[in-house]
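Participant: This is the structure I want to talk about, given as C-alpha cells.
The values are calculated or read from the model by the stated rules, or taken from the named source; none is laboratory data. Please read all numbers here as calculations on a predicted model, not as lab measurements. With ideal geometry, Cβ positions are generated from the backbone for all residues, glycine too; neighbour counts draw on all protein chains shown.
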Amino acid sequence: MPPRGFTLLEIMVVMVLIGILTSLAMLSIGGGPRNRLAEEGQRLAALVELQQQEAILSGQLRGIQFDRNGYAILRLDKHGSWRPPDATNALIRHQLPEDITLGLWVEDRPVRLEKSDFPQVLLLSSGEATEFIAVLSLAGETSLNAPLYRVASDAMGRLTTGETVQ
C-alpha cells in the first residue's frame, strides 16, 4: 500500500501557483477606487512636472487648461495665442475616466470648470507657477470618508501630491 498524503514540496508548488494566479487576477481587476484616484493624480503631477521642465528649457510660457472632463497643456505662441504644443496628443490632452471628477482652486479660490480659451494655471519659464490645488474624487461619492487625491503647486512651482480627506 502506497503512503498517503502530500509531500512538503507538492504543497509548496500548489501555494506558489495559487499566489501567481491571485497576483494575475488582482492585476487584471485593477486597484480599487483609491488606487485609480492616485494613478490619475500622479499622472497629472507627472505631466505638470514635465511641462514645467519644457517651459524652462524652451523659454516658452506654458499653461494648463482644466475642464470638467480633464485637462490640456497649452503654450503661448509668437502671436499671443494659446495653442497646443508640438507633441503627441497623449502628452497634451488627458480625458478623465467618467467615474472621476475634478475640482480646482487657483490662488485659494474655487474655479468653475467651463470651456475657456485661456489656461487657468500658468507655468513660467523661470520655473514659477500659478498656485493651484486640483482635487480628484469619485463621481457620486459624498460620504465624509470618500477617497480624494490632491495635486497642488505653490508659486515657486513645487508640487505636492497625496491622498486627502474632506
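Participant: Applying the selection to region 1-45, what residues are at pLDDT 75 or above and surrounded by 13 or more Cβ atoms within 10 Å (Cβ to Cβ)?
Facilitator: Selection gives ARG34, ARG36, LEU37, ALA38, GLU39, GLU40, GLY41, GLN42, ARG43, LEU44, ALA45.
Participant: Quickly run through region 101-116 and pick out the residues that are within 9 Å of ASP67 (Cβ to Cβ) and exposed (fewer than 12 other Cβ atoms within 10 Å of the Cβ).
Facilitator: Within region 101-116, GLU114, LYS115 qualify.
Participant: Right, next: Between a residue in region 47-75 that is at positive phi and modelled with pLDDT under 90 and any residue that is surrounded by fewer than 17 Cβ atoms within 10 Å (Cβ to Cβ) and not basic (Lys, Arg), which pairs come within a Cβ distance under 7 Å, given they are 6 or more apart or on different chains?
Facilitator: Qualifying pairs under 7 Å: GLY59/SER125.
Participant: Could you tell me which of the residues ARG93, ARG109 is of a type outside the set (Asp, Glu) and either in contact with a strand residue (DSSP E or B) (Cβ under 9 Å, 6 or more places away or on another chain) or under 17 Å from LEU159 (Cα atoms) (or both)?
Facilitator: ARG93
Participant: Condition first: among the hydrophobic types (A, V, I, L, M, F, W, C) and touching a helix residue (DSSP H, G or I) at 6+ places or on another chain (Cβ under 6 Å). Now tell me which residues in region 36-71 satisfy that.
Facilitator: At the first step, the residues of region 36-71 found to be among the hydrophobic types (A, V, I, L, M, F, W, C) are 37-38, 44-48, 50, 55-57, 61, 64, 66.
None; the set is empty.
Participant: Does at least one position in region 74-95 carry a residue that is surrounded by 12 or more Cβ atoms within 10 Å (Cβ to Cβ), under 26 Å from ARG34 (Cα atoms) and charged (D, E, K, R)?
Facilitator: Kept after step one, since they are surrounded by 12 or more Cβ atoms within 10 Å (Cβ to Cβ), are these residues of region 74-95: 74-77, 82, 84-85, 87, 91-94.
Still in the running and under 26 Å from ARG34 (Cα atoms): 91-94.
Those left that are additionally charged (D, E, K, R): 93.
Looking for residues that are surrounded by 12 or more Cβ atoms within 10 Å (Cβ to Cβ), under 26 Å from ARG34 (Cα atoms) and charged (D, E, K, R), one finds at least one in region 74-95, hence yes.
Participant: Ok, one more. Looking at region 52-64, can you tell me whether even one residue there is among the basic types (Lys, Arg) and farther than 19 Å from GLY157 by Cα?
Facilitator: No, because not a single residue in region 52-64 is among the basic types (Lys, Arg) and farther than 19 Å from GLY157 by Cα.
Participant: Also, quick follow-up: Just to be sure, is GLN120 of a type in the set (S, T, N, Q) and crowded, with 18+ Cβ neighbours inside 10 Å?
Facilitator: yes
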